[in-house]
Structure formats: C-alpha cells, structure tokens
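**Student:** I have a structure I would like to understand better, so I am pasting it below and will then ask my questions one at a time.
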Amino acid sequence: QVTLVESGGGLVQAGGSLKLSCAASGRTLSRYTMGWFRQAPGKEREFVAAFVWRDGKAYHADSVKGRFTISRDNAKNMVYLQMNSLKPEDTGIYYCAARPGEWSDRAVLYGYWGQGTQVAVSS
C-alpha cells in the first residue's frame, strides 16, 4: 500500500511559478515510478511527468517540457513538481500517482493516487 498526499496548489498569474509536493509513504518506493497527472474540467486526466525512483530517470510531457521539472527527495520520501512559466491551459487538478515498475504515461496503469491539488492560472 502506498499513500500519497499532494500540496502546493493555488492561484497564480500567467508566467508565474508554483511548486507542488507529494508526500509518499508505505512500501519501498525504490521499486516505484512516481507520476504527476492533471485533469482540467471536462477533459480526461493527462500525463504531466514521471520519475523512476530506481534509476532516477525523469520524463515530461511535451506540453510542459522546459517549464516543469519533476524531482525527488530521497530522505523525505517526497516528489516535487516545479512549474514555471505557467499558462492558463495548465489549470486543473494535479494528482500524484504511483505504480510499481517502469514509467508510463497512461493513468490507468497507476494504482495509487493522491487526493489532488487545484492549480488555477489566470490570464
């Protein structure tokens, strides 16, 4: 069992920055891939970024490359999503997720989810 708790969402103007945090607890995280997904109103949940705990490799969706960065803190079992140059289209609920094994951009393959944190970007 893995428990995930997100924090750090809020309202920000376009061009601004936010840093989301995900506190993970439970099973040995070194065997897991940690992911960030987001869901805008009326849209499907979409992949944002993923981090493979075992080898430290990170993956980002094309829509956020160069603006968002996923990272981790081993000692604290934390995963972060630094979001810079935010755009109104980045608005949505951001979810932290986990799955054992290799990374994937498919939400259906992640079995553990946090409750989500709201991000709103005004123009």
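**Student:** Among the lysines, which have Cα under 21 Å from the Cα of LYS19 when same-chain residues fewer than 8 positions away are ignored?
**Tutor:** Leaving aside lysines fewer than 8 places away in the same chain, those within reach of LYS19 are LYS57, LYS65, LYS76, LYS87.
**Student:** Hey, what's the chain come to in accessible area per residue, 1.4 Å probe, Å²? Please report the intermediate quantities before stating the final value.
**Tutor:** Numbers: 6280 Å² over 123 residues.
Accessible surface, normalised per residue, equals 51 Å².
**Student:** Rounding to the nearest 20 debye, state how big the charge dipole of the range 15-85 is about its Cα centre with +1 on each Lys and Arg Cβ and -1 on each Asp and Glu Cβ.
**Tutor:** Dipole about the Cα centre, nearest 20: 140 debye.
**Student:** Right, next: Points 7 angstrom from Cα along the Cβ direction at LYS43 and GLU102: gap in nanometres?
**Tutor:** With each label point 7 Å from Cα toward Cβ, the separation is 2.8 nm.
**Student:** Just TYR80, TYR110, TYR94 to compare: in a GNM of the chain, with alpha carbon springs under 10 Å, which one fluctuates most?
**Tutor:** Most flexible of the set in this elastic network: TYR110.
**Student:** Have a look at TYR59, TYR94, ASN74 and report the one farthest towards the positive end of the charge dipole of the range 45-123, computed about the Cα centre with Cβ charges (Lys/Arg +1, Asp/Glu -1).
**Tutor:** Final value for the positive-end residue is ASN74.
**Student:** Roughly speaking, what is the centre-to-centre gap between the range 54-123 and the range 17-35 when only Cα atoms are used, to the nearest Å?
**Tutor:** Centre-to-centre distance over Cα atoms comes out at 9 Å.
**Student:** Over the chain, what relative contact order in percent results from Cα pairs under 8 Å that are six or more residues apart?
**Tutor:** Working: 314 pairs, mean separation 44.1, N = 123.
Worked out over the chain, it gives 36 percent.
**Student:** Give the residue list of GluC sites (Glu not before Pro) in the range 1-73 that are DSSP loop and have at most 16 other beta-carbon atoms within 10 angstrom.
**Tutor:** Values: sites: GLU6, GLU44, GLU46; in loops: GLU44.
Sites meeting the loop and neighbour criteria: GLU44.
**Student:** With charges only on Cβ, +1 for K and R and -1 for D and E, what is the dipole size of the chain about its Cα centre, in debye, rounded to 20? Show your work: numbers first, answer last.
**Tutor:** Numbers: 15 positive and 10 negative charges, 51 e Å.
Charge dipole, the chain, about its Cα centre: 240 debye, nearest 20.
**Student:** Could I ask something else about it? For the chain, give me the percentage of DSSP beta bridges that are antiparallel, rounded to the nearest 5 percent.
**Tutor:** Percent antiparallel among DSSP bridges in the chain is about 90.
The values are calculated or read from the model by the stated rules, or taken from the named source; none is laboratory data. Since this is a predicted model, take the numbers as computed values, not measurements. As a convention, Cβ positions derive from the backbone with ideal geometry for all residues, glycine included, and neighbour counts pool all protein chains shown. Side chains included, ligands, DNA and RNA excluded: accessible areas come from the protein's heavy atoms. Shrake-Rupley method; radii C 1.70, N 1.55, O 1.52, S 1.80 Å.
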